[in-house]
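The values are calculated or read from the model by the stated rules, or taken from the named source; none is laboratory data. Quantities reported herein were computed from a predicted structural model and do not represent experimental measurements. Positions of Cβ are generated from backbone atoms using ideal geometry, with glycine treated the same way; all protein chains shown enter the neighbour counts. Note: accessible area is taken over every heavy atom of the protein model, side chains too, but ligands, DNA and RNA are not part of it. Shrake-Rupley method; radii C 1.70, N 1.55, O 1.52, S 1.80 Å.
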Amino acid sequence: MKGRSSAGRRKTRKGQVQMRGLPVSPGIAVGEVFVLDARDLEIDEVRIAPEEIEKEERRLLDAIAETRDEVLKIRTRYRSVVGEDLVRVFDAQILLLEDEAVVDAALAEIREERRSAAAAAHHAFARAIETLSRTENEYLRDRAEDLKDVRRRLLHHLAGGRRRSFAHIDKNVILVADDLTPSETVQLPRGKVKGFATRQGGRTSHTAIMARSLQIPAVVGVEGILEEADHRDRIIVDGSEGLVVLRPEAELLRGAKSRQRRYMEVSRERLRLRDLPSVTRDGVEIRLFANVDVPEEVPLAIENRARGIGLFRTEFLYFRDVEIAREEAQTTIYRKILRRVSPDPVVFRTLDVGGDKVLDPLSAPREPNPMLGWRGIRISLDLRDLFRVQVRSLLRASTVGNLSILLPMISTLEEVLDAKRLIAEAREEVRLEGVRLPEKVRVGAMIETPGAVFLAPHIAREVDFFSIGTNDLIQYSLAVDRDNVKVAHLFDPFHPAVSSLVKLVLDAARDAGIPVSICGEMAGEPLCAILLIGLGARELSVHPYLILELKRIFSLMESGEARALAEEVLRMPSARRVREAAEQFLHELEVRGEREKG
Ligand code: PEP
Ligand code: MG
């Protein structure tokens, strides 16, 4: 029988439900739902007597101290499991817990409103959570989850109880919850929790980052999941596609299980590929680099033997930590990453905010067309001090590894020249301060606007390398907002115009004798990657977990075959035709590969 019992037994005979969310950690999990009870403790709102005020104030302060100890203990316990960087979230929680404004507000409620310590804390934290969750900054919004996490702990201490644990979980399950707090995520019994689906959560939330790092398939932002899911329901969580299916019908279940088997087979096979070179059947090397958004992704890039980091999106550092605006803090973090990856190269892209990525301290009045507005290099060249600090930090860090600087959103030659001038000035400053800089720090340009594509032969003379950002190049060439679901079907990397534009850039780079890497999402999609290799690309930068699958596919194909496919594609009139041709090509590769394996 299906259903959760509350007062009476609630019998539901619901059918299959499919839901979509954000795929934040790849893999497929099939199993039984464990609904993590999201109920907070009951808060007693009865007014306290005047003589109880002092006692309640003391209880609140004691409970804050106990909660702090508890969080510190968790921090220590999990540091060895997930590493120093990931447990920093607990430092942030302690700061939030002890935030003077919130604690003072709670104490004032006890005194002035004669509320119990629990009710006062509940209200004061609720207001702070509300404020954080309403900001436009995605990073700050995600911190509201940390605040909820500490509030829950604090209220349990005030209630004299222990917070709910995962002790109930005695078999393999898939967690369904409103949200998993970061501390809950690191405490998941990894052997038992095979996946999770939550209603809330964002891409940069620590929960998502930790899921990737712990390699648990996860989908977040699944609207309606709590209303639909019942304890012990069967569920499929596809963390690669962002799909959740509750009570799947037999056929879908079979399909998911076979995809799961395939995923596991591929993962096993992929592990064998780790140490193999990334080459095509006819021996052409394809250099695979990693795209990294947050430092926690660096270890996987190293494990999967990326040739280096081809795109480090520095803006996520700014989203996480306002302190990063300081030169010392930035230099330290860049050095740390370089040391980790050394002797392989790291390409740091300078701050690329604006458009879809709004950095709060910079928030200017809303723009009518943010994607066509103040973003990327345009901001850096306007806020020169901000750029100067970032470049100085990068240069100072460059002494410990192989560092390159990449300029985003270039659309004119002047932007490149102006940025290079600022870099040269910063270099001179740093040199005069006595830092022994490497002879050359390479500077590259992102080619992600049609304007830059057509100027590529000129820009190539001014930079050391190109990086093609296909996400924006598709957005700007096809006039399709990359984040607008209404036109998502038009955001198509198979559009023949995209191949033509990429080819122009590859040719310009070859003629100028500079390397070019392709770093948009397209580079990590096998069908597109084949096409890009056919067009002449020899360097791709992709999410670290995609590296092994790409190596497998390259090992099946001859570079000449891919070139012939690309030549055909350049003459095709529609995206549908291109996609079909690429699918057929890959199918034939797989069949041949299977046949040869015997
Ligand atoms: C791109 O535009 O393809 C790219 C890699 O940059 P981002 O996705 O960060 O805009
Ligand atoms: Mg871009």
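Between R153, R141, R190, the distinction of being in a helix (DSSP H, G or I), at pLDDT below 80 and on the phi < 0 side of the Ramachandran plot belongs to R141 only. Taken over region 451-476, the residue count meeting the criterion of being within 14 Å of ligand 2 (Cβ to nearest atom) and open to solvent by 40 Å² or more (accessible area, probe 1.4 Å) is 1. Restricting I518, I553, I547 to residues that are open to solvent by less than 10 Å² (accessible area, probe 1.4 Å) and within 16 Å of ligand 2 (Cβ to nearest atom) narrows the list to I518.
Among the residues of region 507-522, those that are in contact (Cβ under 8 Å) with a residue 40 or more places away in the chain and either in a loop (DSSP other than H, G, I, E, B) or within 15 Å of ligand 1 (Cβ to nearest atom) (or both) comprise I514, P515, V516, S517, I518, C519, G520, E521, M522.
Of the numbered criteria (1) surrounded by fewer than 19 Cβ atoms within 10 Å (Cβ to Cβ); (2) under 23 Å from the mean Cα position of the chain (by Cα), the one R261 fails is (2).
Against the definition (over 16 Å from the mean Cα position of the chain (by Cα), closer than 17 Å to L407 by Cα and modelled with pLDDT of 80 or more), how does V346 come out, yes or no?
yes
Give region 309-347 a look and list any residue that's within 16 Å of ligand 1 (Cβ to nearest atom) and farther than 25 Å from A211 by Cα, or say none. Of everything in region 309-347, just one residue is within 16 Å of ligand 1 (Cβ to nearest atom) and farther than 25 Å from A211 by Cα, namely V347. The residues in region 394-417 that are of a type in the set (S, T, N, Q) and open to solvent by less than 10 Å² (accessible area, probe 1.4 Å) can be counted, and the count is 2. You will find that of A301, A290, A306, the residue that is part of a helix (DSSP H, G or I), closer than 21 Å to A529 by Cβ and within 16 Å of ligand 1 (Cβ to nearest atom) is A301 and no other. Among the conditions (1) under 24 Å from L478 (Cβ atoms); (2) more than 16 Å from ligand 2 (Cβ to nearest atom); (3) hydrophobic (A, V, I, L, M, F, W, C); (4) surrounded by 16 or more Cβ atoms within 10 Å (Cβ to Cβ), the only one that V391 does not satisfy is (1).
Close Cβ contacts (under 8 Å, 6 or more residues apart or on different chains) running from residues in region 100-119 that are of a type in the set (D, E) to residues that are open to solvent by less than 20 Å² (accessible area, probe 1.4 Å) comprise E109/A119; E109/A120; E109/A124; E113/A120. Among residues that are within 14 Å of S500 (Cβ to Cβ), assigned to a helix (DSSP H, G or I) and of a type in the set (D, E, K, R), E568 is included.
Inside region 233-280, can you point out the residues that are closer than 18 Å to E594 by Cα and either assigned by TED's automatic domain parsing to the domain that holds G524 or among the β-branched types (V, I, T) (or both)? Even if it seems obvious, please write down each step before you answer.
Of all residues in region 233-280, those closer than 18 Å to E594 by Cα come to 258-259, 261-270, 272-273, 280.
Listed by number, the residues that qualify are V266, T280.
Put simply, of E525, E539 the only residue that is within 15 Å of ligand 1 (Cβ to nearest atom), more than 21 Å from E414 (Cα to Cα) and open to solvent by less than 40 Å² (accessible area, probe 1.4 Å) is E539.
Scanning region 477-501 for residues that are in contact (Cβ under 8 Å) with a residue 60 or more places away in the chain and either surrounded by 15 or more Cβ atoms within 10 Å (Cβ to Cβ) or not assigned by TED's automatic domain parsing to the domain that holds F585 (or both) yields a count of 7. Filtering R431, R442, R366, R384 for residues that are more than 23 Å from L506 (Cβ to Cβ), modelled with pLDDT of 95 or more, open to solvent by 40 Å² or more (accessible area, probe 1.4 Å) and charged (D, E, K, R) leaves a single hit, R431.
Cβ separations smaller than 8 Å between residues 6+ apart or across chains give the following pairs from region 253-264 residues that are in contact (Cβ under 8 Å) with a residue 12 or more places away in the chain to residues that are of a type in the set (S, T, N, Q) and outside any helix (DSSP H, G or I): Y263/S240. Regarding L504, is this residue in the same structural domain as I547 (by TED's automatic domain parsing), over 25 Å from the mean Cα position of the chain (by Cα), away from ligand 1 (no atom under 11 Å from the Cβ) and open to solvent by 40 Å² or more (accessible area, probe 1.4 Å)? Taking the combined requirement at face value, the residue satisfies it.
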